[in-house]
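Input: a single structure, listed below in structure tokens.
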Amino acid sequence: MTKRTVVIVDPYSSGVSYAPALRRAGFSPVAVRSTPFPAEQFTSSFRPNDFDKHWVENTDPNVLVRQLAPLGVAAVVPGSESGVRLADQLAAELTPTTAHLPSLAHCRHHKGHMMAAVAAVGLPVTPTVCVREPDQAAGFVRRDDIAGHDLVIKPATSVSSDGVTLAPGGRGWRSAVQALLGRTNATGVLNEEVVLQRRLIGPEYVVNTFTAEGRHFVTDVCRYTKVTNGDSFAVYQDVDFLAMDAPHVPELIAYVQQALDALGFRFGPAHTEVILTPEGPRLVEVNSRIAGSGMAAAAELATGNSAVRLLVRHLQGERDHPDGFTLRRAVKVAMFLARESGIVTNAEAFEQIQTLPTCRGLNHNVRNGTRVQATSDLLSSLRLGWALLAHQDPAHVDRDYTRLRTYAAGLRILPTE
């Protein structure tokens, strides 16, 4: 019997986890790259040997459709953010019964259109405008509900907090917009549009899901801790996995499931970020893919489940997916932070973390003599590194986390001009 094919578009970052899981289940994984070469930060994660076949999109998705159709494609999924748009196009043609609603594709990869679609069904969102030049935002920033408030400015289609800029009290918004427009973003695409939003205040959460036949199954819920570092106001520090019945989690899940409906999610993973404001949940963004940076593997450690696992089971014919999850272990992902740019002089400070009893993973990308930039966004955090702590007893994780931060604070960076 010929193996059924599953197409992964841009299988980078956490998307590398698809191919091994699919192969173990008897499927043939095929890679499609939306560009001949991935953006620089993804290059090292690509594993060509994991795939039976490779294609590169050559500006015409219809050609790809004709080439892939004879393979008997069971599903098409994006492996990373850069593959979302092409995966939507291919799925609509090749696997229409396992595809999102094509009519809302533009809302799933564009942050401005996304907010408009969610607001259109009555869900509350933060005031948002999308512009191609600064003057288009002038009326928005003068509105009574915007004037004097902090503004967040970001690319309409980027990833990993790339380019996210704070304009305190609305000051400096014009220069922030100008700095982003025309710049190549983290996915390798030119910023043609920029989103301005009134800043959301409150703790930030993420709800990870797998959707099948329009039903949204939650695999895990996390809380982010972000800190200020220099001019960067939202640098990732920690990710904590929460129980299904933790405070506010049911409210967050209900909001996210409604947002996924509004955006036409019918089949596949989603990684949704939400801030819990005093007025209730408000959407940051929905990403039509699994969580990046190895978070899908951390989720399996925490709950025993992930969107990758549910995808494979669904394609094998399983339909009785769990409605929710059980937190099996306390899991914390701690990201490292460079307060200033310079040269690392004692990378061995990180190695002490590996001796902690709850350490289940350590990934740092520096050695003595490595030049690092001050941490400013998620990508720069990942370039420095992170550690994964897990244990059935949360107190053990808390104890080791205190030690971890002490060790990490011992990293010495020699400032350079």
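Before moving on, here are some points about what is shown:
- Among the residues of region 111-140, those that are surrounded by fewer than 18 Cβ atoms within 10 Å (Cβ to Cβ), assigned to a helix (DSSP H, G or I) and either among the small types (Gly, Ala, Ser) or in contact (Cβ under 8 Å) with a residue 40 or more places away in the chain (or both) comprise Ala116, Ala119, Ala120, Pro134, Ala138, Gly139.
- Looking across Ala330, Ala390, Ala395, one residue alone is touching a Pro at 6+ places or on another chain (Cβ under 7 Å), modelled with pLDDT of 95 or more and either surrounded by fewer than 20 Cβ atoms within 10 Å (Cβ to Cβ) or not assigned by TED's automatic domain parsing to the domain that holds Thr187 (or both). It is Ala330.
- Test for Ala246: is it surrounded by fewer than 24 Cβ atoms within 10 Å (Cβ to Cβ), modelled with pLDDT under 95 and either not in a loop (DSSP other than H, G, I, E, B) or not hydroxyl-bearing (Ser, Thr, Tyr) (or both): no
- Of the residues making up region 401-417, just one is free of Cβ contacts under 8 Å to residues at least 24 places away in the same chain and aliphatic (A, V, I, L, M), namely Ala409.
- Boolean, Arg339 is out of contact with any strand residue (DSSP E or B) (no Cβ under 6 Å at 6 or more places or on another chain), within 30 Å of Pro29 (Cβ to Cβ) and either basic (Lys, Arg) or not assigned by TED's automatic domain parsing to the domain that holds Asp88 (or both): no
- Subset of region 86-102 [under 19 Å from Pro36 (Cα atoms) and without any contact (Cβ under 8 Å) to a residue 60 or more places away in the chain]: Gln89
- Counted as qualifying within region 1-108 are the helices (runs of 4 or more DSSP H) with 1 or more residues that are within 26 Å of Thr184 (Cα to Cα) and either touching a Gly at 6+ places or on another chain (Cβ under 7 Å) or of a type outside the set (Val, Ile, Thr) (or both), namely 61-68, 84-94.
- Number of the condition not met by His149 [criteria: (1) more than 23 Å from Val189 (Cβ to Cβ); (2) in a helix (DSSP H, G or I); (3) in contact (Cβ under 8 Å) with a residue 24 or more places away in the chain]: (2)
- Of all the criteria given as (1) over 29 Å from Ile8 (Cβ atoms); (2) surrounded by fewer than 20 Cβ atoms within 10 Å (Cβ to Cβ), the one not satisfied by Arg215 is (1).
- If you go through region 298-315 and keep only what is assigned to a helix (DSSP H, G or I) and more than 16 Å from Ala330 (Cβ to Cβ), you end up with Ala307, Val308, Arg309, Leu310, Leu311, Val312, Arg313, His314, Leu315.
- Residues of region 365-387 that are closer than 20 Å to Tyr12 by Cβ and either hydroxyl-bearing (Ser, Thr, Tyr) or crowded, with 17+ Cβ neighbours inside 10 Å (or both): Asp377, Leu378, Leu379, Ser380, Ser381, Leu382, Arg383, Leu384, Gly385, Trp386.
- Residue match in region 234-243 (condition: out of contact with any Pro (no Cβ under 8 Å at 6 or more places or on another chain), assigned by TED's automatic domain parsing to the domain that holds Leu315 and farther than 26 Å from Leu379 by Cα): yes
- Some residue of region 346-356 being under 30 Å from Glu273 (Cα atoms), free of Cβ contacts under 8 Å to residues at least 60 places away in the same chain, touching a Cys at 6+ places or on another chain (Cβ under 9 Å) and not small (Gly, Ala, Ser): yes
- Each residue in region 264-280 was checked for being surrounded by fewer than 24 Cβ atoms within 10 Å (Cβ to Cβ), over 14 Å from Val218 (Cα atoms) and not charged (D, E, K, R), and 6 of them qualify.
The values are calculated or read from the model by the stated rules, or taken from the named source; none is laboratory data. Worth saying up front: this structure is predicted, and the values here are computed from it rather than measured. Note that we place each Cβ from the backbone using ideal geometry, even for glycine, and neighbour counts take in every protein chain shown.
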